[in-house]
Number of protein chains: 2
Amino acid sequence: MKQYSQMNIAELSAIKNELEINFNRHKEKGKKLNMTRGVPSDEQLSLCNEMLTCLSVNDYKALNGTDCRNYGGIDGIPEIKKIFADLLDLTPDEVIVGGNSSLALMFDNVAVNMSHGVRDGQPWQTQGQVKFLCPSPGYDRHFTICNYFHIDMIPVAIGNDGPDMNTVEKLVSEDPMIKGIWCVPKFSNPTGIVYSDETVKRFAKLKPAANDFRIYWDNAYAFHDLENTNASIPNIIRLCEESGNPNMVYQFASFSKVSFAGASVSCLASSKSNCEHIRKRLTAQTIGPDKLNQLRHARFFKDASGVMIHMGKHAKILRPKFKLVSDVLRSELGSLGIAQWSEPAGGYFVSFDSLDGCAKRIADLCAQAGVALTPAGATFPNGNDPNDRNIRIAPTCPPLDDLKEALEIFCAAVKLASVEKFLARMQ
Amino acid sequence: MKQYSQMNIAELSAIKNELEINFNRHKEKGKKLNMTRGVPSDEQLSLCNEMLTCLSVNDYKALNGTDCRNYGGIDGIPEIKKIFADLLDLTPDEVIVGGNSSLALMFDNVAVNMSHGVRDGQPWQTQGQVKFLCPSPGYDRHFTICNYFHIDMIPVAIGNDGPDMNTVEKLVSEDPMIKGIWCVPKFSNPTGIVYSDETVKRFAKLKPAANDFRIYWDNAYAFHDLENTNASIPNIIRLCEESGNPNMVYQFASFSKVSFAGASVSCLASSKSNCEHIRKRLTAQTIGPDKLNQLRHARFFKDASGVMIHMGKHAKILRPKFKLVSDVLRSELGSLGIAQWSEPAGGYFVSFDSLDGCAKRIADLCAQAGVALTPAGATFPNGNDPNDRNIRIAPTCPPLDDLKEALEIFCAAVKLASVEKFLARMQ
């Protein structure tokens, strides 16, 4: 088929009419389909249902004798610390296991560094206007945390190897008010790329102008490969250690997309010394995490390899969904020259770039036809996609049939918005 | 027996010798007994063991259809909100149910008011030196939160009816930098008193100089009566509403000493409008509480009356322990004129006042004989008991036999420290 860019006004107008008729048919169906968030499906959650009953009325003690029903313990029971440590290739004293939300761990660590400083140094908030580097497109909830704390966000381009490291190195070394950077190093949200070894090494060797600069390494999809290839990234904590920056990185991981999204366990990993600092603060802040839920996870998965076997089951469910996205986008849009998209090997998203200036219109059209997407722009700081082109597709939750229908509506919206754009340019 | 105060040096010296011999015997036994914290006993925790298995592999949906395994929902599933609302005589929209730690809810609300202000007003931390009133003796972990945020703590005396309200009213109305007060209105930690109706009414009618003053109403022992009398206190949230101060109070409650101390659910109750503000912030902060654990609690207790019936079982276990404390203290110390203590009708503590200047010595002697007490002074801001006399006894955790032994050692320490004090005064 001819690309839209090669058509004249008459051809485009004819196609527009056709597309509008087609789109109105979609609207009339009055569907309600949701692709807004990276949410596991019922089928995935059910992989873990045995965890609901895996403790017995006599099974509540951790390896070290701790009664998980009672108070006590601030950073996780030994068995769950070991599982995270093994998965991340760290030692248990480099790991703090928390409650059900790694987002809460991130929020908390930004909050504390703002108000009390990094390792009890000068609070960020008393030093001037705090800034974070935000590789974009990125994860909207990272940006929401920055917004909440009035942190200026500086977008940095992200490519196939990770963030543009020349820019990162330059900015970080020049500006002492740049205090952090958000990274999703494996199956980046939303672009799905995996940071290259070289990128990770350059992160570890950063020479920040601020000695209280921190890398927020949100390894949210650390075990979330779609294929059995298991993309591996270098161990940022070890590399930072070797580069003489042992305390520069906080790594986050979680079982939200391993066990139950709303009732899992989260993990903060960092240097032993950082963990000691954080533990001290936690004793003022909380009675400690829910140890029974940690024990449930330990009983169910047994060990790190149990987690990896389980992730294979997730992959089996997710592969057809990601394949469907790829198939539909290719067959509907592949020849039209109006879009690009990612074909990730893991994670939860497909990142879609329309023609410049079309993303909001596409999301709006989709909403009209009952397909909810992550708001256009959400993948950029302050919701501001300068090219208005990036859309995050979250294909994991809907059943295949619904997903197919949602994708067809999406593609119809993309085509319509693109034709409108070409026509507007011509007139 | 003669009171120590009426003895001469020779009599006291003779008694001191006897006491030292007796005390050394205790030391030689090398016991390890812990009365430091208000921790439920194994027997109490076991009352809830069925909660470990009360969900089935098909039982994970809340009343409103929410899949509790998945993401979604920020302030609690309907059934658990209703239980807390019924227990506290509020409506569900005045209640936010969180994770396993009400301490975390308190810390969080102080943190946010410091950094972002009350209801998005001017942050406390930008207004000058923030101060909190601290009825003392009080709960050490409240004071730890203030310490963490560099909040000045002003001790206020607490009597049988609650804090000295003349002082509270005067200070709060005069000083706009007084931003909060910590209250444990029912079975106060550690004194065990219940605020009188009049005290609660005066709290609701406070006329603070600061319009962002807040009462932190930690109703930690709301359902924790030892007898069936069920001491009731007026509804502070309704009273504040009636007094035209609808947003002045945050109430906290939890099931830490109802179900599993380390794996329960916590609750923040406040005006509907305050709850709306807090919900908005929570969406930036967390993916939401563990809804499966909330569902477990709802399934196990069924409703508010189920909670109250369960609390009767706790009371049955705790009554003999509190009676033992009372009996041993009376028989060992009752006639000596060297101590006073509380006889609470609920809660988790007995508050003990030695002769002035003896508390640290008593705790030190106890430690030598293997009995760990809450550090002397801990019940006052900055660990500074101006009279060095208050000791918090936590009798709930040890089995009766251990408790008896610990109390005997404690009384021996009290006697020895008191004799030493009298002798020191005479010499």
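What follows draws every value from the coordinates through simple rules; no lab data is involved. The structure presented is a predicted model; accordingly, all values stated were derived computationally and were not measured. Cβ sites come from the backbone with ideal geometry, for glycine too, and all protein chains shown count toward neighbours.
Computed from backbone phi with θ = phi - 60° and the Karplus coefficients 6.51, -1.76 and 1.60, the 3J(HN,Hα) list for region A:254-267 is 7, 9, 4, 10, 10, 9, 9, 4, x, 9, 9, 10, 10, 9 Hz; x is used for glycine and proline. If you build a Gaussian network model of chain A, linking Cα atoms that sit under 10 Å apart, which residue out of A:C54, A:C411, A:C267 swings the most? Among A:C54, A:C411, A:C267, the largest GNM mean-square fluctuation belongs to A:C54. Our coupling estimate for region B:127-132, obtained by passing each phi through the Karplus curve with A = 6.51, B = -1.76, C = 1.60 and θ = phi - 60°, is 9, x, 6, 6, 10, 10 Hz, Gly and Pro reported as x.
Considering only DSSP beta bridges whose two residues both sit in the protein assembly as shown, what percent are antiparallel, to the nearest 5?
Working: 36 of 76 bridges.
In the protein assembly as shown, approximately 45 percent of DSSP beta bridges are antiparallel ones.
Straight-line cross-link partners of B:K27 among the aspartates and glutamates, defined as a Cα under 20 Å from its Cα and at least 8 positions apart when in the same chain: B:E18, B:E332, B:D364, B:D401, B:D402, B:E405, B:E408, B:E420. Most mobile of B:S270, B:S102, B:S326 per a Gaussian network model of chain B (Cα springs, under 10 Å)? The residue with the greatest mean-square fluctuation here is B:S326. Calculated [222 nm] ellipticity per residue, helices only, for chain A: -13500 deg cm²/dmol; basis is -39500 (n - 2.57) per DSSP H run with n ≥ 4, divided by all residues, nearest 500.
Residue separation times 0.36 nm, minus the C-alpha to C-alpha distance between A:Q368 and A:R319: what's the value?
Details: separation 49, 0.36 × 49 = 17.64 nm, distance 2.88 nm.
Fully extending the segment from A:Q368 to A:R319 adds 14.8 nm.
Taking every DSSP beta bridge that has both ends in chain A, the antiparallel portion is near 45%. Averaging the sequence gap over all C-alpha pairs within less than 8 Å and six or more residues apart, then dividing by the number of residues, gives chain B a relative contact order of 26 percent.
Can you give the FRET efficiency for A:D59 and B:E11, using 1/(1 + (r/R0)^6), R0 = 41 Å, r = Cβ-Cβ distance, to the nearest 0.05? In this case the efficiency is close to 0.10. The translational diffusion coefficient of chain B, from Stokes-Einstein at 10 °C and 1.306 mPa s with a Kirkwood hydrodynamic radius over alpha carbon pairs, comes to 69 µm²/s.
Applied to region A:155-164, the Karplus parametrisation 6.51 cos²θ - 1.76 cosθ + 1.60 on θ = phi - 60° returns per-residue 3J(HN,Hα) values of x, 10, 5, 10, x, 6, 9, x, x, 5 Hz, with x for Gly and Pro.
Shielding by partners for peptide B:38-48, expressed as the average number of C-beta atoms from other protein chains within 10 Å of each residue's C-beta, is 2.
With a 10 Å cut-off around each Cβ of B:54-63, the average count of Cβ atoms from other chains is 3. How much net charge surrounds A:Y71 when only the other residues with a Cβ under 11 Å from the Cβ of A:Y71 are counted, with Lys and Arg +1 and Asp and Glu -1? Its environment carries a net charge of +3.
Amide hydrogen proximity for B:G262: with H placed 1.01 Å from N in the peptide plane, the residues at 5 or more positions away or on another chain lying under 5 Å are A:N70, A:Y71. Just round it to a whole percent: the fraction of Cα-Cα distances in the protein assembly as shown exceeding 44 Å. Beyond 44 Å sits 36 percent of the P(r) for the protein assembly as shown. Work out, in µm²/s and without decimals, the Stokes-Einstein translational diffusion coefficient of region A:23-179 at 37 °C, 0.692 mPa s, Rh from Kirkwood over C-alpha pairs. Answer from the Stokes-Einstein relation: 162 µm²/s. Using the Cβ-Cβ distance between B:D152 and A:Q122 with R0 set to 30 Å, the FRET efficiency from 1/(1 + (r/R0)^6) comes to roughly 0.90. Extension gain, B:L400 to B:D93, is 106.3 nm, computed as 0.36 nm per intervening residue step minus the present C-alpha separation. What is the sum of charges around B:N382, taking Lys and Arg as +1, Asp and Glu as -1, for the other residues whose C-beta is under 14 Å from the C-beta of B:N382? Here the charged neighbours net out to -2. Per residue, the average separation of C-alpha pairs within less than 8 Å and at least 6 apart gives region A:62-302 a relative contact order of 26 percent. With R₀ set to 56 Å, the beta-carbon distance separating B:S331 from B:S243 gives a calculated FRET efficiency near 0.75. For the residues A:N235, A:N22, A:N166, a GNM of chain A with alpha-carbon springs under 10 Å puts the largest fluctuation on A:N166. Leaving out same-chain residues fewer than 8 places away, which lysines sit with a Cα under 24 Å from that of B:K179? B:K179 reaches B:K131, B:K170, B:K201, B:K205, B:K207, B:K272, B:K280. Copy-to-copy label distances for A:S273, where each label lies 7 Å from Cα along Cα-to-Cβ, are 4.9 nm in order of increasing length. Look at where the Cα atoms of region B:363-404 and of region B:206-260 average out, and the two centres are 27 Å apart.
Eigenvalues of the Cα gyration tensor times 5, then square-rooted: what semi-axes does that give for region B:1-83, in whole angstrom, largest first? All intermediate terms of the calculation are to be shown ahead of the outcome.
Working: eigenvalues 709, 58, 22 Å².
Square roots of five times the eigenvalues give 60, 17, 11 Å.
Using C-alpha pairs below 8 Å separated by at least 6 residues, the relative contact order for region B:70-206 is 19 percent.
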